[in-house]
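Every number here is computed from the coordinates shown, using simple stated rules; none is lab data. In this text the structure is predicted, and so the values were computed from the model without any measurement. Methodologically, a virtual Cβ is constructed for each residue, glycine included, from the backbone with ideal geometry; neighbour enumeration extends over all protein chains shown.
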Amino acid sequence: MKYLIAPTYLPNISYMAWLIKKKIYFNLTDKYNKQTFRNRAEIYGANGKLILTIPIIHSKEKKLQLTKEVKIFDKINWQTNHWKSICSAYRSSPYFEFYEQDFFNFYFEIKERSLFNFKIKLISNILNLLNQPFNFQTISYNKEKHTKVDKLIDAKNIHFQTTKYNQVFSNKYGYLNNLSIIDLLFNLGPNTIDYLKSINIKL
């Protein structure tokens, strides 16, 4: 079976657990929809769950753009804001300093206006840190040959439960479920991949 999905920003744990086990096809005819993780991620901040959103340029000609056509809005300094939030959230985590430079580069060195390409590069970087291959192809949607797995990118879908692990602020707000992969990576480090492989995602 071939699975069709859109790339997401700093993917959550359930998305990454699926990604490392399946051959993924990124949909070039995917329509950009709100209320998804296409341009947002959730991390554990000092005051609880914190949403990071990449600003995009909205098309005046089309109600729904194709995901591959969406451009990042670069007139505001979102990179600095996101990086400050990530540092504030994870500076005291066990493995932040180990991975810091690998993520810093994406906010201050890589200049990419295509949201699609930025996310592909970021996911590739994360999988490289996990010593995992990036098994994907880009393809146009054919409903007879591919199965869409949109539940994994739906920001309103809270059904995926992840096993508890130590989080920086869990003593204040308890365990927060299915956050961005960076929450797992900065807290578990090399054990991240074993954790992901232990998750059985049922769609």
Simple SL model, points at 7 angstrom along Cα→Cβ for Lys202 and Ala46; separation in nm is 4.1
Normalised convex hull volume, the chain, alpha-carbon set, Å³ per residue: 119
Can you show me the helix-derived [θ] at 222 nm for the chain, built from DSSP H runs with n ≥ 4 at -39,500 (n - 2.57) apiece and divided by the number of residues, rounded to the nearest 500. -9500 deg cm²/dmol
Figure the gain on full extension for Ser170 and Gln101 (residue separation times 0.36 nm, minus the Cα-Cα span) and round it to one decimal in nm. 22.3 nm
Starting from 0.36 nm per residue, how many nanometres of slack lie between Lys2 and Asn81 once their C-alpha separation is accounted for? 24.7 nm
Between their Cα atoms, which of Lys21/Lys172; Lys31/Lys60; Lys23/Lys151; Lys2/Lys49; Lys31/Lys164 are more than 27 Å away from each other? Lys21/Lys172; Lys2/Lys49; Lys31/Lys164
So the compactness index of the stretch 79-189, its C-alpha Rg divided by 2.2 N^0.38 Å, takes the value 1.23
Farthest towards the positive end of the dipole of the chain, among Phe160, Trp83, Tyr32 and with Cβ unit charges of +1 on Lys and Arg and -1 on Asp and Glu, lies the Cα of Tyr32
